[in-house]
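The structure appears below as C-alpha cells.
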Amino acid sequence: MKQEHHGLYGVFVRRARDPLSSFTHLLGAIGSVFAAMLLAAYCRHIGGSGLRIFSVIVFGLSLTALYTASSVFHFYNHGNFHIQLRLRKLDHSMIYVLIAGSYTPFLICSLDIGAARSLMIIWCIALAGIAVKLLWMNAPRWLSTGFYLALGWSILAIPEALHAMPAAVIVFTALGGVAYSIGAVIYALKKPNFGTVWGFHEIFHLFILLGSALQVFALFLLLTMR
C-alpha cells in the first residue's frame with residue numbers, strides 16, 4: 001500500500017522528480033540563509049572588520065546557492081531535456097562555488113589581507129572547474145570527484161592558515177571535510193543503496209548537509225576565538 005505524505009514534503013512526493021533529495025536540500029537552503037544571517041550578525045556584534053563580515057556573507061551565499069540549485073534540479077520534473085541539462089550544470093557548478101566560498105571566511109579570518117593570494121588561486125581554480133563542467137558535463141565521475149576533493153583539501157597546502165587557526169576550528173573543519181569526502185566517494189561509487197527511497201544519492205546528500213553543518217560550526221568557533 002502506497003504511503004500518503006502530507007504537508008510540504010507531500011508536495012515534493014507528488015511533484016518532484018527526486019523528492020527526498022530535493023526536499024532535504026531545500027531544508028539545507030533555508031538553513032544556509034539563517035546560518036549566513038546569524039554568522040554575519042555575530043561577526044558584526046563582536047567587532048569584526050568589514051572584510052570579515054563580507055567573507056562570512058560570501059560563505060553563506062555559496063551555501064545557499066549550492067542547496068537552492070540542487071533542490072531545484074532534483075525537483076524539476078517536466079521532461080524538457082535542455083532545461084534539465086542546464087539545471088544539472090548549475091547544480092554541479094555550485095560545488096566549486098561552495099568550495100571557494102568556504103575557504104573565503106576561514107582564510108580571511110585567519111590571515112586577513114594575507115589570504116589574498118591563496119584566495120585568488122582558489123577562486124581561479126574554482127572558475128576553471130566550472131568552465132570545464134559546463135563544457136564537459138559527462139566527464140567520468142571519478143575525475144570530477146577527484147577534482148572536487150583535491151580543491152577541497154588544498155588547505156593542507158596553506159600551512160600558514162593552519163598555524164593561525166585554533167585547534168578546535170581545525171578539528172571541526174576537518175570533520176566537515178571528512179563528511180564531504182565520504183559523500184563524494186559514495187557519489188562516485190554509487191553505493192550503498194538501502195531500498196528505493198534511501199539510495200546512494202540520498203545518502204550522499206545527507207553527508208553534504210552534515211559537512212556544511214560542521215563547517216558552519218567551525219566558522220562560528222573561529223569568529224569566537226579570533
**OP:** Would you mind stating whether residue 85 is closer than 21 Å to residue 20 by Cα, touching a residue at least 24 places away in the same chain (Cβ under 8 Å) and either in a helix (DSSP H, G or I) or of a type outside the set (Val, Ile, Thr) (or both)?
**Re:** yes
Subject >> Unique match (being in contact with an Asp or Glu (Cβ under 8 Å, 6 or more places away or on another chain) and among the small types (Gly, Ala, Ser)) among 55, 21 >> reply: 21
Subject >> Members of the stretch 182-220 that are over 24 Å from residue 56 (Cβ atoms) and hydroxyl-bearing (Ser, Thr, Tyr) >> reply: 187, 196
Subject >> Residues satisfying the stated conditions in the stretch 65-101, i.e. closer than 15 Å to residue 30 by Cβ and buried (at least 22 other Cβ atoms within 10 Å of the Cβ) >> reply: 66, 67, 69, 70, 71
Original post:
In this structure, does residue 186 turn out to be among the β-branched types (Val, Ile, Thr), over 21 Å from residue 32 (Cα atoms) and touching a helix residue (DSSP H, G or I) at 6+ places or on another chain (Cβ under 9 Å)?
Top reply: yes
Original post:
In the stretch 145-202, which residues are modelled with pLDDT of 95 or more, among the polar types (S, T, N, Q) and surrounded by fewer than 20 Cβ atoms within 10 Å (Cβ to Cβ)?
Top reply: 181
Subject >> Matching residues, the stretch 27-75, being among the aromatic types (Phe, Trp, Tyr) and within 21 Å of residue 86 (Cα to Cα) >> reply: 67, 73, 75
**OP:** Would you mention how many residues in the stretch 44-64 are buried (at least 24 other Cβ atoms within 10 Å of the Cβ) and either among the aliphatic types (A, V, I, L, M) or touching a residue at least 60 places away in the same chain (Cβ under 8 Å) (or both)?
**Re:** 3
Original post:
Do we have any residue at all in the stretch 39-47 that's at pLDDT 90 or above and outside any helix (DSSP H, G or I)?
Top reply: yes
Subject >> Filter pass, residue 197 being farther than 22 Å from residue 122 by Cα, touching a Leu at 6+ places or on another chain (Cβ under 9 Å), of a type in the set (A, V, I, L, M) and in contact (Cβ under 8 Å) with a residue 40 or more places away in the chain >> reply: yes
**OP:** Give the residues of the stretch 118-168 that are of a type in the set (D, E, K, R) and farther than 14 Å from residue 100 by Cβ, sorted by residue number.
**Re:** 141, 160
Original post:
Of everything in the stretch 145-167 that's touching a residue at least 24 places away in the same chain (Cβ under 8 Å) and under 15 Å from the mean Cα position of the chain (by Cα), which residue is nearest to residue 59 (Cα to Cα)?
Top reply: 152
**OP:** Please enumerate the residues belonging to the stretch 8-38 that are surrounded by 14 or more Cβ atoms within 10 Å (Cβ to Cβ), in a helix (DSSP H, G or I) and at pLDDT below 80.
**Re:** 9, 11, 12, 13
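The values are calculated or read from the model by the stated rules, or taken from the named source; none is laboratory data. The model shown is predicted, which means the values in this text are computed figures rather than measured ones. No Cβ is skipped: glycine too gets one built from the backbone with ideal geometry, and neighbour counts run over all protein chains shown.
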